[in-house]
Each structure stands twice: as structure tokens, then as C-alpha cells.
1. Could you list, ordered by first residue, the pairs with Cβ atoms under 6 Å in which the first is in the stretch A:271-283 and touching a residue at least 24 places away in the same chain (Cβ under 8 Å) and the second is part of a helix (DSSP H, G or I), at least 6 apart or interchain?
2. Could you tell me whether any residue of the stretch A:53-61 is over 23 Å from the mean Cα position of the chain (by Cα), farther than 26 Å from residue A:164 by Cβ and in a helix (DSSP H, G or I)?
3. Determine whether residue B:50 is touching a helix residue (DSSP H, G or I) at 6+ places or on another chain (Cβ under 8 Å), under 19 Å from residue A:320 (Cα atoms), in the same structural domain as residue B:169 (by TED's automatic domain parsing) and in a loop (DSSP other than H, G, I, E, B).
4. Given (1) modelled with pLDDT of 95 or more; (2) in contact with a strand residue (DSSP E or B) (Cβ under 6 Å, 6 or more places away or on another chain); (3) farther than 22 Å from residue B:219 by Cα, identify the lone condition not met by residue B:66.
5. Looking only at the stretch B:33-54, count how many residues are under 22 Å from residue B:218 (Cα atoms) and away from chain A (no Cβ under 11 Å).
6. Looking at the stretch B:318-365, which of the residues that are over 18 Å from residue B:296 (Cα atoms), within 11 Å of chain A (Cβ to nearest Cβ) and in a strand (DSSP E or B) is farthest from the chain's Cα centre (by Cα)?
7. Under the condition of being within 29 Å of residue A:301 (Cβ to Cβ) and in a strand (DSSP E or B), which residue from the stretch B:84-115 is modelled with the lowest pLDDT?
8. Residues in the stretch B:45-56: is at least one in contact (Cβ under 8 Å) with a residue 60 or more places away in the chain, more than 24 Å from residue B:212 (Cβ to Cβ) and touching a strand residue (DSSP E or B) at 6+ places or on another chain (Cβ under 6 Å)?
């Protein structure tokens, strides 16, 4: 867990207020404002072909590389809401723009919550003014307001020499490759350009959020946004910026796994000896999505046969008689057969490490997932009721 | 549920006995014998690349189209057991062969249970004699002996004019496309040839067992075997035989879904308006494997947004703004947006029908799955302990 930084990178202000979208009465509308001087931005969105209205809107907004503000709401995804849903996202951006004195075409909109319901627009619009009035140079209130079933706010930061990167994230369910409902806003006061920002963000998400697969379900609303103000006045080289953004994304990704809906274990599937990174990822994801394996880990049962059964469904290069599997350091499967005594594996801790060696090449990748628990079933069978 | 037929097709005898492989003390070793005059056989096996020793053995046995007997055990999968595991399957076939006076090269071996443990061969071999002594012209004892977590035996039959097809199946978990652990033995006394048998079996499994996806997990041991004795003396045309075998497979497949581990609902995902059957199947399977959707059905929550989110992850041809979804007859999603009130959907019954219309072509397919329940998690987190 990262300690919440006391202040944001220079040039940014955020707020979190209660619009009344959540039955719980908790805060549910956040605002992030870039006061410049730069207003550069890059974003990646869900690769789901069914996308929510705010994603359709925000893709257009970010396409010119300029973003002045972001408005995010929890308590409703505004997904599968047709033309009216798009109009609502547009209207929200207009309200933020007129309140802040910017253009609606530079306002990103993000929503998260139940799919298939229109937002109560009167409540959303009425909260924009109070949010603007509450803007401050810390990020905690905003990070709180975007939560759904998350149990706590998630922020992370990386400090450079006179500049920094800060990020906040929500998303405790629907995590999957190619992002999740997962909303992430990253801000930096480094002086850089849009192309460098875009490359840094894509590189960072590829090895962090894209390798988290909590429950194999891909959201309609995923958005990861990176904005730069240049307010530090310090020009940061591309590799240095990429490294900093990756560190913040990795920290947030790990926090998402650690707070996934109903999870009792965080599981790292490390695949070694792959002929390609794609092979390693395919194997890692196949294990990460195997419900029988995930139930076994919940039951603290080192059932490595279910790992092999999952590996066997992939197209990755391997010889079944060469597969090795270790669980928390105990090599339970050697050369495709029985290895050390499975009873030696201790699965009582929160973190579980599964090592699959394909013995087919030099490539590696690690995919993070969670176990499948009674609480996951409970939370997701009662979510909308 | 099909009533258990009083007698098998002519030329077949079966038995089920207790070898002592199951801690419960229930019967766990079955024998199916074809007394001829024909000994034709065809089989389909798991497409998992990690296959159990009995599958490796049985693929060889069936390759010449002749099978005289099948020995099946529950209480141990003999999977991921290396060279010793293969030797054990071979040894079991030898024991059956010498007991029955046939060739081991004509004896199929099937195993189901925990992966990664060697079978207690003394118990297996000691049970072969008693099984041979117990052979009878009914199938119930055999159908009982192959069960694992199934709650009851599954058999089905189709009666033609002077000939019939009978089948038994087990498999309440690990069901997935390209078969499951799922062991199925089908027998007929129709007079036919190996090529016709093989075509009938492949055609039948393609639209039945291959369209069941209980939990997305694919087994290492799946075997579906069809044998003909020709003992009725009645030559049956290929289309008629295919239809009969398909009817028996469909009946058994539905029984597997209805008895899937921990399931509270049987869910038919019917996809219409697809550009191709492959598209329809990809969409159906994507919905069938979506844990969030499956949890929602368990909670009797008609959360159609999760259906759309699953459809959106496929490569099938469709326009997101044209998608229609009906649940148990209520069109909850129309043209990608909100349709009828979701509260009108009654999910209190065991069977759930989800209709997805892609409006992209004339093709259809139905995939069967189950909901994701507390009991599924419980059974699969405690299975090996």
C-alpha cells in the first residue's frame, strides 16, 4: 500500500463530492483539473466492442492530445444506454466546461457502476458546481469518489528530481486483460509532449494493467488517462518518464488485485521458458481464468493438475512431458508428472506464487489474478439489487 | 430425465463394482463388454494437449476401429502421472483382456477423479475379476460406478425398429467445449460399419457435448466412445443412426448440465442472427464463460449489461447498436440500449433462456451453461481434500 502523497504534481487540482448517485450516500463525483501551462494528454480505453457512452465521448476528446479536465462518476456506468446516454455524457462535459471556463471538447467523462441504466442527470449536473468549488491540490477526495465495490481508495506516486507522477485508480471487479472497470487518472508536472506521453502510457499499461486478470471479465468503461501540465518546468526524457509512469501503474495494478471483489488470495502466475512473450501471456491468462484452479487456491489446495489442464488448452509451444510447476516454492510437478509432495505447499498467506516452466524458450511474463471465493459469488450476485 | 431402460442393446453386457478407490466406499469400477458379432467402435477424446494416460492408451486402441471391452474407473484420473501412469493403464487393459479372453489392444481404459496421483493398482486389478463375474444385460450398475461428484447416474436410450442406442455419462465439473470430464459410453446393436459409426459420433458430439460449457474448464480425460455389435441384424442407414446417436447425446448432455457441480440454474444461451455458426458459438461461449453474468443468474438478477459486455469481447460480426437481448422472454435490451423493465424477468425457475440476436446473418447456435454459485466454489475448493 502506498502512502497517500500530501500534494499533487504542480498544475493539478482535484475534488470529490456527493452527487447522490450511490444509495450509500458516499461521495460519487470527482473532478480533476489541469491548470497548465501544458494540457497534454493520452489515454487508453477498453478494447471491448460494446463501449459505454462516456468512452465514446472521451475517445473523441483525447484524440487531439488536449485535455483540460476530467469528470468521473461512480454509481452508474452509463453503458448500453443508447443515444440518450451519449447526450448525457456530452451534457456533463458541457456543464464542467462552462463551470471551469474551458471547452467541452477538452473535458473527459468517465463513469462506473451498473450497466443499462440512465444516469440521474439532475443530480450529476447539480454536483459539478460544488465539485469545482472544492478543488484542492491533494487527491484523496477524488480517489474516494470514484470507488464502487472497492474497499478503500487507491493512489500511488513517483517522485523525480523536481517533478512527479501521481495516479488514482478504482476497479475491484471486471478486471481483465485489455483493461477493466478500472478507471485510472495519472497526472504529471513533467514537461513533455503528447507523443512521449502516449508512448509512456501505452508502454506502462502493457506490462501492468494489461497483465491483471482478476475474473476474466472485460468492462465496457475502462479508461486510463495520463495528463501533463509541464508546471515543474523540468523536461523529462522519454525513458525516464516511461519508467516513472510504469512504476505508478504497477503500484496501482497491484492495489487493484489486492482489493479485488471477494478475493482471499492474490495470485501471481509466472510463466518461464516460453518461446515468446505472447505464449507466456496466453499460458498465464489461461491459468488465471481457470475457475477450478481459482477455487482450489481459495480452499488452500495446491491442485497443480488444474494448472496443467489449463496450460493444455493453450496454443503455446511446449512438450506436455516437460512441464514443471512450482507453488510457493515447492516443485509439485516435474516433467509433466508428480513432483514433491503437494502437502508441503503452504497456501495460508494472501500472496500465492505459481511458477510454470514451459521449457520451450527464453521468454517470461507474469499475470496477476485472484482466487474464486464465496464472497466473489455473493458480491456479484447481489451487485445490482 | 430419461427413464433407465430395462435392457441394453443386444450384444452388450455391463457391470459396476467397488474396487475401493473412492473414500466413500461407493462403486468405482465399471466394465462394458461387446459380445459382437461386430466389434466396431469410434471415439472422440479431449482436445486438451495435456492428456491423461488412459487417453493416450485408448487413442491407440480405437485407431483400428475395433473395441471388445471398456474398463472405467472413478476415484482417480491417472493424469499427469508420467510413464508409470501409462504402464498402469496398459496393465489394467491386460488384466481385463486376460479375464475376458480378448486382446488388450482392443480394451479401452477410462479414468476420472483427481489429477496427479497414481492409481492404487492392486485395488484396480483385484476388481476386474468381480466385475467380469457381475456382467449383466442392464446398465445401471456401470452408470453408477463411473460417477464422481455427480449426484445420480445418467443414462439415455433411443429405440429404433428392432434396434436401439443406449448411453451412459458422468461429468459434473470441468465441462467445456471440445468435451469435458465427461466420460460417455454409447452402444448400439445396429448393423453398421466403422466409418458410419465414426461420422455419426462426430456429428452428434459437435452439436451436443461440444456445446455444453458448464465452467469453461477443459479436462485431461474426456472420452466419448460409440460401439456397435450388429447383434440386431438390422442394417441402419447412416442418417438414421446419426439422428439416434444425436438424440441420446443430447439427452445425456442435458443431464450433465442439470447435474453440474453446485449449479442452481441451467442456462441456454441461444444466439440468433449470426453471420456464421462459428460466430454464434463464439458469442454463446463468451457469455457462458462470463463469471459476472453467471453470478448474476445465481442471484436471480437479469443483469443484461453483463451479457452485452461478454458479447463485446468477441470477434463475431455485429453492430453494438443493433444487439437485442431477451431473458426468459422479456426483451431487456433493444438495439444495444435499455428495453423492457428488467424487473419483469422471472429467474426463479431452474431453466434460464437467454436470447442474443446479433442481427448480422441467418445462423444460430445454442450453448448450455450453469450459474456460478456458492456450492460450485465450495465443491471445487474442497474436492481433493
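The values are calculated or read from the model by the stated rules, or taken from the named source; none is laboratory data. Everything quoted here is computed from the prediction, not taken from an experiment. Please note: Cβ atoms are built from the backbone with ideal geometry, for glycine as well, and neighbour counts cover all protein chains shown.
1. Here the result reads A:271/A:280; A:271/A:283; A:271/A:284; A:274/A:280; A:283/A:311, each pair linking the stretch A:271-283 to a residue that is part of a helix (DSSP H, G or I).
2. Within the stretch A:53-61, not a single residue is over 23 Å from the mean Cα position of the chain (by Cα), farther than 26 Å from residue A:164 by Cβ and in a helix (DSSP H, G or I).
3. So residue B:50 fits the description; yes.
4. Just one mismatch for residue B:66, condition (2).
5. 5
6. Within the stretch B:318-365, the match that is farthest from the chain's Cα centre (by Cα) is B:337.
7. Looking at residues that are within 29 Å of residue A:301 (Cβ to Cβ) and in a strand (DSSP E or B), I get B:112.
8. No: the stretch B:45-56 contains no residue that is in contact (Cβ under 8 Å) with a residue 60 or more places away in the chain, more than 24 Å from residue B:212 (Cβ to Cβ) and touching a strand residue (DSSP E or B) at 6+ places or on another chain (Cβ under 6 Å).
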